[in-house]
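Just so it is clear, none of the values below were taken in a lab; they were calculated from the coordinates. Predicted, not measured: the structure shown is a model, and the values here were computed from it. Because the Cβ atoms are built from the backbone with ideal geometry, glycine has one as well, and the counts that use them run over all protein chains shown.
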Amino acid sequence: MSTPVRFALVGPVEAGKSTLFRALHGDDGEVRKTQAVEYDTEGCIDTPGEFFCHPRLHHALINSTADCDLLIYVHPANDMECRLPPGLLDVYAQRRLVTVISKTDLPDARPDAVEAMLRDQGIGGEILRVSGLEPDSVAALKTRLGLNRESAAKPRQTE
Ligand SMILES: Nc1nc2c(ncn2[C@@H]2O[C@H](COP(=O)(O)OP(=O)(O)OP(=O)(O)O)[C@@H](O)[C@H]2O)c(=O)[nH]1
Ligand SMILES: [Mg+2]
C-alpha cells in the first residue's frame with residue numbers, strides 16, 4: 001500500500017497558501033494569517049509567508065519542510081515579481097518540486113505572463129494553476145499533484 005504524499009506549501013505572504021491548504025482538505029472555512037507552521041494529521045505542512053520572505057528565517061523553512069515528499073511553491077497570478085532566492089527550494093535534490101500559480105480567479109490575474117516570468121527567473125519543472133476559492137479548480141490540482149488520498153487528513157495546528 002502506498003503512503004500518503006506529504007506535501008508542504010511555501011511562498012510569499014498572502015500568496016493563498018493557507019486557503020489552498022484548507023481547500024485541499026475540503027475545508028472552505030475562513031483562513032487567518034499563518035503565525036506558525038501548521039500541520040495536518042498526516043504531516044502535510046502550511047508555512048508562514050515570512051519564512052519565505054525573510055532570509056533570516058530560511059533555515060526555519062528548510063528545517064520544517066525537511067521530511068516532505070513534495071514541495072509546492074505558491075505564487076499569485078497577479079504578482080509579476082518573483083522573490084524566490086536561487087537554490088532555496090532545491091536543498092533536497094530528490095524531492096518533487098511543483099510551482100502553483102494561485103488566485104487565478106482574480107480580475108487582474110495574468111497566469112500566462114506570470115508563468116513566463118517564473119520561467120525567466122529560472123524556475124523549472126511543473127507549473128500548475130489554481131484558484132483556491134473554486135472547488136473544481138482545487139480538485140483538478142489535487143489530481144495533478146497526486147494528492148487524492150489526502151482527503152481523509154484534517155488540518156490541525158501545532159507549534
Ligand atoms: N480571489 C482569491 N483570493 C484568495 C485566493 N486564495 C487566497 N485568497 C485571499 O488572499 C488572502 C491571503 O490568503 P491566505 O491563504 O491567508 O494567504 P497565505 O499565503 O496563507 O498568507 P500568509 O499566511 O500570510 O503567508 C486572503 O484574503 C484570502 O481570502 C484565491 O484563490 N482567490
Ligand atoms: Mg497562511
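Annotations for the structure displayed:
- Taking θ as phi - 60° and the Karplus parameters 6.51, -1.76 and 1.60, the scalar couplings of segment 6-12 work out to 8, 10, 10, 9, 10, x, x Hz in sequence order, x denoting glycine and proline.
- When shorter helices are ignored and each DSSP H run of at least 4 residues is given -39500 (n - 2.57), the per-residue value for the chain at 222 nm works out to -7000 deg cm²/dmol.
- Shape class for the chain: rounded, because the ratio a/c of the largest to smallest gyration tensor axis (alpha-carbon atoms, square roots of eigenvalues) is under 1.5.
- Backbone N atoms of segment 1-45 closer than 19 Å to the 7 Å Cα→Cβ label point of residue 94 belong to residues 1-8.
- Whether segment 1-94 is rounded, prolate or oblate, judged on the alpha carbon gyration tensor where a/c under 1.5 counts as rounded: oblate
- Ordering 114, 12, 89 by the projection of their Cα atoms onto the charge dipole of the chain, which places +1 on the Cβ of Lys and Arg and -1 on the Cβ of Asp and Glu, puts 89 at the extreme positive end.
- Label sites at residue 14 and residue 67, each approximated as a point 7 angstrom past Cα along Cα to Cβ, lie 3.4 nm apart.
- By the rule of a C-alpha distance below 22 Å, with chain neighbours fewer than 8 residues away ignored, the lysines paired with residue 33 are 17, 103, 154.
- Peptides 116-124, 102-110 ordered by average Cβ neighbours within 10 Å, highest first: 102-110, 116-124
- Selected from 3, 128, 72, residue furthest toward positive end of dipole (the chain; charges at beta carbon): 3
- Model label sites at residue 112 and residue 32, defined 7 Å from Cα along the beta-carbon direction, differ in position by 4.2 nm.
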